[in-house]
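*Asks:* Please see the structure below; I have some questions.
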Amino acid sequence: MLVLGIETSCDETGVALYDSDRGIVAHQVYSQVGIHAEYGGVVPELASRDHIRKTVPLIRQTLAAAGAVLTDLDGIAYTAGPGLVGALLVGTSVARSLAFALDIPAVAVHHMEGHLLSPLLDDDPPAMPFLALLVSGGHTMLVDVRAVGDYTILGESVDDAAGEAFDKTAKMLGLGYPGGPAIEKLAATGTPGRFRFPRPMTNRPGLDFSFSGLKTFTLNTADAHREDPAAAADIALAFVDAVVDTFVIKCTRALKQTGLKALVVSGGVSANKQLRAGLSAMADKLDVSVHYPRFEFCTDNGAMIAYAGACRLAGGAAEALGFGVRPRWPIDELAAPGSVR
Ligand code: KG4
Ligand code: ZN
């Protein structure tokens, strides 16, 4: 089965081809970072417009790179949410129109399921059940994964997501967007132990996270050391230390609580080497295996969407290709404007 994956939920246009026998046979990501950098964050309308420009050319390039043509496709997977509505609509319309024209199934994919399953694209994938730590720009979650689609959220962030905390901290330290890679680079030059930041919500039971207090603590420390040019690197390191330690404490707790023997870590922040080192050391101690996506599949990409879609198509998922118009529509099914039914 050959599945085309299309990702347009935020600021990356990602397209990939997944072959159920050969794995990912081609993938392309176009990052809009250059467009949004001058605004210090993603501008939704600019994101949608750029997805319109890039999605179809990327599909052509990806097919060409794999030596495939449209009629070779057996299905199309697209990110249907969560994400920016305009951006999602671009990928959705392209995917569903193509699928309609080719008379093949289209399948809506949950962006976070894409991240969650991305380490399974590895040569040595973990078997389910496993614990998943999802750390992206929009979400931070610990999930008990029993099977594809059988997910129990054990804990999540009550405020900022981990990636968001990296991005905001980077801004405070005068670094560019996106902040994660910039903080990682700066932290590598910091002096260990100069500052110690709090490990939020680790002193009480539970598996939820909170990063906004840590962000404020970081800002106050940065303000108090504006005169010291070396402080930024030490602050970046103290921030990363606190984030990594928090994840180590919560993952240890979740693994002990569930008895699961494998940990999957995915989403943009899983590219962070210091986080990987901390979690791998923890996993060794607990005799648990730990799995990350390939670096190129940590941040948003089409490969994870193609793969998640292929899992769903293999399980029999099929969607009607219409856009929801209703030729027969009893008027008494209407609800008052704004009411939910
Ligand atoms: O998964 P992703 O590409 O998009 C969302 O689904 O949100 O994650 C993007 C986030 C950004 O906040 C970015 O700063 C963070 O991942 N990120 C990193 C690193 N690379 C990307 N955070 C820490 N260290 C990194 N190396
Ligand atoms: Zn993502």
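The values are calculated or read from the model by the stated rules, or taken from the named source; none is laboratory data. Since the model is a prediction, treat every value here as computed from it, not as a measurement. Cβ placement follows ideal geometry from the backbone for every residue including glycine, while neighbour counts extend to all protein chains displayed. These accessible areas exclude ligands, DNA and RNA; they are computed on the full protein's heavy atoms, side chains included. Shrake-Rupley method; radii C 1.70, N 1.55, O 1.52, S 1.80 Å.
*Asks:* Report yes if Ala65 is at pLDDT 95 or above, closer than 25 Å to Arg294 by Cβ and either surrounded by fewer than 20 Cβ atoms within 10 Å (Cβ to Cβ) or of a type outside the set (Asp, Glu) (or both), otherwise no. Show your work before the answer.
*Replies:* Values: at pLDDT 95 or above: yes; closer than 25 Å to Arg294 by Cβ: yes; either surrounded by fewer than 20 Cβ atoms within 10 Å (Cβ to Cβ) or of a type outside the set (Asp, Glu) (or both): yes.
Yes.
*Asks:* How many of the residues in segment 211-226 are open to solvent by 20 Å² or more (accessible area, probe 1.4 Å) and either in contact with a strand residue (DSSP E or B) (Cβ under 6 Å, 6 or more places away or on another chain) or not β-branched (Val, Ile, Thr) (or both)?
*Replies:* 10
*Asks:* Let me ask something else. Among (1) crowded, with 20+ Cβ neighbours inside 10 Å; (2) at pLDDT 95 or above; (3) aliphatic (A, V, I, L, M), which single condition is Met201 missing?
*Replies:* (2)
*Asks:* Free of Cβ contacts under 8 Å to residues at least 24 places away in the same chain and within 15 Å of ligand 1 (Cβ to nearest atom): does that describe Arg294? Give the steps one after another, and end with the answer.
*Replies:* On the way: free of Cβ contacts under 8 Å to residues at least 24 places away in the same chain: no; within 15 Å of ligand 1 (Cβ to nearest atom): yes.
Considered against the rule, which asks whether it is free of Cβ contacts under 8 Å to residues at least 24 places away in the same chain and within 15 Å of ligand 1 (Cβ to nearest atom), Arg294 comes out as no.
*Asks:* While we're here: For the subset of segment 244-269 comprising residues that are aliphatic (A, V, I, L, M) and part of a strand (DSSP E or B), which member is farthest from Pro181 (Cα to Cα)? Reasoning before the result, please.
*Replies:* Residues of segment 244-269 that are aliphatic (A, V, I, L, M), as a first pass: 244, 248-249, 254-255, 260, 262-265, 269.
Those left that are additionally part of a strand (DSSP E or B): 262-265.
Working: Ala262: 26, Leu263: 23, Val264: 21, Val265: 17 Å.
Looking at residues that are aliphatic (A, V, I, L, M) and part of a strand (DSSP E or B), I get Ala262.
*Asks:* Of the residues Asp50, Asp74, which is surrounded by 17 or more Cβ atoms within 10 Å (Cβ to Cβ) and of a type in the set (Asp, Glu)?
*Replies:* On the way: Asp74 fails: surrounded by 17 or more Cβ atoms within 10 Å (Cβ to Cβ).
Among Asp50, Asp74, only Asp50 is surrounded by 17 or more Cβ atoms within 10 Å (Cβ to Cβ) and of a type in the set (Asp, Glu).
*Asks:* Only one of these is closer than 20 Å to Ala306 by Cα and basic (Lys, Arg): Arg96, Arg146. Name it. Spell out how you get there, then give the answer.
*Replies:* Values: Arg146 fails: closer than 20 Å to Ala306 by Cα.
Answer to the check: Arg96.
*Asks:* Hey, another quick one. Taking Gly259, is it surrounded by fewer than 15 Cβ atoms within 10 Å (Cβ to Cβ), modelled with pLDDT under 95 and closer than 21 Å to Pro129 by Cβ?
*Replies:* Details: surrounded by fewer than 15 Cβ atoms within 10 Å (Cβ to Cβ): yes; modelled with pLDDT under 95: no; closer than 21 Å to Pro129 by Cβ: yes.
Taking the combined requirement at face value, the residue does not satisfy it.
*Asks:* So Arg146 ticks every box in (1) within 16 Å of ligand 1 (Cβ to nearest atom); (2) open to solvent by 30 Å² or more (accessible area, probe 1.4 Å) but one. Which box is left unticked?
*Replies:* Of (1) within 16 Å of ligand 1 (Cβ to nearest atom); (2) open to solvent by 30 Å² or more (accessible area, probe 1.4 Å), only one is false for Arg146: (1).
*Asks:* Which residues, counting only those in segment 263-301, are open to solvent by 10 Å² or more (accessible area, probe 1.4 Å) and closer than 16 Å to Pro125 by Cβ?
*Replies:* Those that are open to solvent by 10 Å² or more (accessible area, probe 1.4 Å) and closer than 16 Å to Pro125 by Cβ: Val288, Ser289, Val290, His291, Tyr292, Arg294.
*Asks:* Further, regarding this structure: Would you confirm whether or not segment 183-197 contains a residue that is within 16 Å of Val135 (Cα to Cα) and in contact with a helix residue (DSSP H, G or I) (Cβ under 9 Å, 6 or more places away or on another chain)? Don't jump to the end; show me each part of the working.
*Replies:* Step one: list which residues in segment 183-197 are within 16 Å of Val135 (Cα to Cα), which gives 183-184.
Now restrict to residues that are in contact with a helix residue (DSSP H, G or I) (Cβ under 9 Å, 6 or more places away or on another chain): 183-184.
Yes.
*Asks:* Hey, among Leu275, Leu214, which residue is within 13 Å of ligand 1 (Cβ to nearest atom) and under 25 Å from the mean Cα position of the chain (by Cα)? Break it down into steps so the answer makes sense when it comes.
*Replies:* Working: Leu214 fails: within 13 Å of ligand 1 (Cβ to nearest atom).
Going through Leu275, Leu214 in turn, the sole match is Leu275.
*Asks:* Which count do you get for residues in segment 149-171 that are open to solvent by less than 40 Å² (accessible area, probe 1.4 Å), of a type outside the set (Val, Ile, Thr) and over 15 Å from the mean Cα position of the chain (by Cα)? Before you say what the answer is, go through the steps one by one.
*Replies:* Within segment 149-171, the subset open to solvent by less than 40 Å² (accessible area, probe 1.4 Å) is 155, 157, 160-163, 165-166, 169-170.
In the following step, the residues that additionally are of a type outside the set (Val, Ile, Thr) were identified as 155, 157, 160-163, 165-166, 170.
From the residues that got through so far, the ones that are over 15 Å from the mean Cα position of the chain (by Cα) too are 155, 170.
Here the count works out to 2.
*Asks:* Could you grab me the full set of residues in segment 149-176 that are near ligand 1 (Cβ under 10 Å from one of its atoms) and under 15 Å from Ala236 (Cα atoms)?
*Replies:* Across segment 149-176, the qualifying residues are Ala162, Gly163, Glu164, Ala165, Phe166, Asp167, Lys168, Thr169, Ala170.
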